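The values are calculated or read from the model by the stated rules, or taken from the named source; none is laboratory data. Fair warning: this is a prediction, and the values are worked out from it, not measured in the lab. Backbone-built Cβ (ideal geometry, glycine too); neighbour counts: all protein chains shown. Please note that ligands, DNA and RNA were not included when accessible areas were found on the heavy atoms of the full protein model with its side chains. Shrake-Rupley method; radii C 1.70, N 1.55, O 1.52, S 1.80 Å.
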There are 2 protein chains.
Amino acid sequence: MPNAVAGPEIERLIQLLARMPGLGPRSARRAALQLIKKRESLLAPLADAMRVAVERIVVCHECGNVDTTDPCTICRDETRDPTMLVVVEDVSDLWALERSGAVKARYHVLGGVLSALDGVRPEHLNLARLVERAGDPAVREVILALNATVDGQTTAHYVTELLAHLSLTVTRLAHGVPVGGELDYLDEGTLSAAIQRRTAF
Amino acid sequence: MPNAVAGPEIERLIQLLARMPGLGPRSARRAALQLIKKRESLLAPLADAMRVAVERIVVCHECGNVDTTDPCTICRDETRDPTMLVVVEDVSDLWALERSGAVKARYHVLGGVLSALDGVRPEHLNLARLVERAGDPAVREVILALNATVDGQTTAHYVTELLAHLSLTVTRLAHGVPVGGELDYLDEGTLSAAIQRRTAF
């Protein structure tokens, strides 16, 4: 981008914005301009919120969640079911499950899934701490809430093996038709699973 | 979004990111997480760049461009052709023209175009200052680089009237086939214009 007309400060803002997920070089320029136009109502608060995030956000040493406290709000929440541990790949999955309100337990963020292609091996994941936490006698069930991808399911199998010596149940998410989903748009695997695991009406 | 799990600081960051052009609530959440993960390499520099932008960026009182100096870099650039003034709707158009390198003159940012639908009237645009600047005896030509939309062309006509009493030429951008454009994808108006204004090969 040989545009030095906007001044180095604006150019630097554009270049950093372009590195954000969801924004490219062109949309970053548009975003920069919008931010500059809404200087007081958006740019200044955003700069402050980012500064606060830089200074205050930490990774929970218990579960791998990000929060401004360690242990995180969820790990400190005494009202959560202590008998369950929900294993997720990433913090975004933890957030998604929390939004659903489907389970009120604690989580364990692996920080990725095993992948031969990407060279992700067991030692790259937060597994040692998982075995430790799952070894707590209070824990009766580990729910593997991993993506239904090849890597996700490989990891699920690996974790199941890893926890085999513990006297607890390892479960995984049900497969089936997404709520609101149209059959026409679903793949064969999902449809097969939904038929096989059909329930009484 | 009833997700208060991530802590108020992260929630606030997500909500502000969601107000950026090009990001919605879902992509803002993803962006926030990516930013937190790249705290030192992206989040911190971005927070700083935004803070610098908040504190240093000003609108040029001459042309309406945004820069860290007033008059802006372009208005202060003595190598630019003083006989031309390029009228644009928005700073983004100014940036686009500068990237093209098509003209090395000074600009005048109207800050919008006349629009009966959106209630934009002449007094909402930076027109008084344009008449003043165009009245400078050095200026021989005003190029109306406005969008080829109904509102853009309405504004072009209005500005032409406004400058009619001055002894200068008012021009507008040529219509035609975009460079690299495929005829198949062009509208009839563009094709008609391209045929009518055909040039010798």
- Could you grab me the full set of residues in the stretch A:37-69 that are surrounded by fewer than 20 Cβ atoms within 10 Å (Cβ to Cβ) and of a type in the set (G, A, S)? A:S41, A:A44
- Task: Determine, yes or no, whether B:D90 is without any contact (Cβ under 8 Å) to a residue 24 or more places away in the chain, surrounded by fewer than 19 Cβ atoms within 10 Å (Cβ to Cβ) and out of contact with any Asp or Glu (no Cβ under 6 Å at 6 or more places or on another chain).
- Result: yes
- Query: How many residues does the stretch B:93-119 hold that are touching a Ser or Thr at 6+ places or on another chain (Cβ under 9 Å), within 12 Å of B:T155 (Cβ to Cβ) and surrounded by 15 or more Cβ atoms within 10 Å (Cβ to Cβ)?
  - Reply: 5
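Before we move on, is A:P82 without any contact (Cβ under 8 Å) to a residue 60 or more places away in the chain, out of contact with any helix residue (DSSP H, G or I) (no Cβ under 6 Å at 6 or more places or on another chain) and in a strand (DSSP E or B)? Break it down stepwise before answering.
On the way: without any contact (Cβ under 8 Å) to a residue 60 or more places away in the chain: yes; out of contact with any helix residue (DSSP H, G or I) (no Cβ under 6 Å at 6 or more places or on another chain): yes; in a strand (DSSP E or B): yes.
So A:P82 passes the test.
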- For A:A200: the one exception among (1) open to solvent by less than 40 Å² (accessible area, probe 1.4 Å); (2) at pLDDT below 90; (3) among the hydrophobic types (A, V, I, L, M, F, W, C): (1)
- Query: Which one of these does A:R12 not meet: (1) more than 9 Å from chain B (Cβ to nearest Cβ); (2) open to solvent by 30 Å² or more (accessible area, probe 1.4 Å)?
  - Reply: (1)
- Query: Can you name every residue in the stretch A:34-47 that is out of contact with any Leu (no Cβ under 7 Å at 6 or more places or on another chain) and farther than 14 Å from B:A49 by Cβ?
  - Reply: A:Q34, A:K37, A:K38, A:E40, A:S41
- Message: Whether any residue in the stretch B:125-143 is of a type in the set (S, T, N, Q), part of a loop (DSSP other than H, G, I, E, B) and surrounded by 13 or more Cβ atoms within 10 Å (Cβ to Cβ) is what I want to check.
- Response: yes
